[in-house]
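The values are calculated or read from the model by the stated rules, or taken from the named source; none is laboratory data. Please read these numbers as outputs of a predicted model, since none were measured by experiment. We place every Cβ from the backbone using ideal geometry, glycine too, and count neighbours over all the protein chains shown.
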Amino acid sequence: MLRSRTDCLSLVEEAASNTTMPYRAPELFDGGARHGEDEPVIDGRVDVWALGCVLFAMMYGASPFECEFRGENVNIVDCSHLRVLGNIPTPEPHTALASRYDPELTKFVKWMLTQDRTLRPRISEVVERLDDLIRKYGGTRRWQGKGFMMASSETDDFV
């Protein structure tokens, strides 16, 4: 977890150079600080955001900030900083796109794309909710046991 303003700004600069904008968490645009906060904080929730973007792209063929839904179509649009700070697009109700996935999966992905980093889940919460979804639908987790990296619930740093 990064807390100093200097470290956060350094990471933001590195992220701007080495990551793709449509997958970059909002706090990586503004240095980790929100309006009114004294200390910036960047932690593992930036990776939860990126995971949500990747899952969304797997579902619909583009990151949430490079697409718009129009009827049965997914239109590709240019990504900008403002799109990342805007609303997460969703398919129009009563379309094939809207019914393509179980609503629980759609909620799961949108949950990872919570823009307020203080409300966004930590990776340990994502794993827990994923386990619940797997159980709900009668699946099993194949990666249990030794060798699976578990995140510390306090820091979400891998141990």
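Quick notes on this structure:
- Of the set (1) modelled with pLDDT of 80 or more; (2) assigned to a loop (DSSP other than H, G, I, E, B), all apply to Phe148 but (1).
- Selection within the range 121-142 - at pLDDT below 95 and assigned to a loop (DSSP other than H, G, I, E, B): Tyr137, Gly138, Gly139, Thr140, Arg141, Arg142
- Total residues in the range 91-115, condition surrounded by fewer than 13 Cβ atoms within 10 Å (Cβ to Cβ) and either in contact (Cβ under 8 Å) with a residue 60 or more places away in the chain or among the polar types (S, T, N, Q) (or both): 1
- Scanning the range 64-76 for residues that are in a loop (DSSP other than H, G, I, E, B) and either touching a Gly at 6+ places or on another chain (Cβ under 7 Å) or loosely packed, with under 13 Cβ neighbours inside 10 Å (or both) yields Gly71, Glu72.
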